[in-house]
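The values are calculated or read from the model by the stated rules, or taken from the named source; none is laboratory data. All figures in this text were calculated on a predicted structure; none of them were measured in a lab. We place every Cβ from the backbone using ideal geometry, glycine too, and count neighbours over all the protein chains shown. Heads up: the accessible areas ignore ligands, DNA and RNA and are worked out on the full protein's heavy atoms, side chains in. Shrake-Rupley method; radii C 1.70, N 1.55, O 1.52, S 1.80 Å.
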Amino acid sequence: VESHPCDGGYGIDLNIPLESLKKVVGDLSGCLGFDVSVNDADSPGKRETQMTWAGTTDNYLNPRYFGALNFAPDGNEKALRLALH
């Protein structure tokens, strides 16, 4: 993940190595939840704010608000979303 300032905010470039992901989660035919956040900190250790792609900055407390990637061939597969702590 790389972030960069752009007109009107920040941009995020995210590359997901699918072959490595398959080794961890197995078959990629369903849905995978994940979180991408950017810390706005001009000085080390002094975060001014945090921007989150999906959900809120409290995703670490409740991951059911994570964003999702749908790997289903038709993109219409319903996903069961569980948050395990």
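The table that follows gives values for the structure above.
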| quantity | calculated |
| --- | --- |
| Of all residues making up the range 38-56, the number that are at pLDDT 80 or above and either exposed (fewer than 11 other Cβ atoms within 10 Å of the Cβ) or at negative phi (or both) | 10 |
| Within the range 30-57, tally of residues that are over 12 Å from the mean Cα position of the chain (by Cα) and closer than 17 Å to Gly67 by Cα | 3 |
| Test for Asp27: is it over 11 Å from the mean Cα position of the chain (by Cα), open to solvent by 60 Å² or more (accessible area, probe 1.4 Å) and within 16 Å of Asn70 (Cβ to Cβ) | yes |
| Members of the range 1-24 that are within 20 Å of Asp58 (Cα to Cα) and either among the β-branched types (Val, Ile, Thr) or loosely packed, with under 10 Cβ neighbours inside 10 Å (or both) | Val1, Ile12 |
| Subset of the range 2-24 [of a type outside the set (Lys, Arg) and either touching a residue at least 60 places away in the same chain (Cβ under 8 Å) or within 20 Å of Phe71 (Cα to Cα) (or both)] | Asp13, Leu14, Asn15, Ile16, Pro17, Leu18, Glu19, Ser20, Leu21, Val24 |
| Filter pass, Leu32 being at pLDDT below 80 and part of a strand (DSSP E or B) | yes |
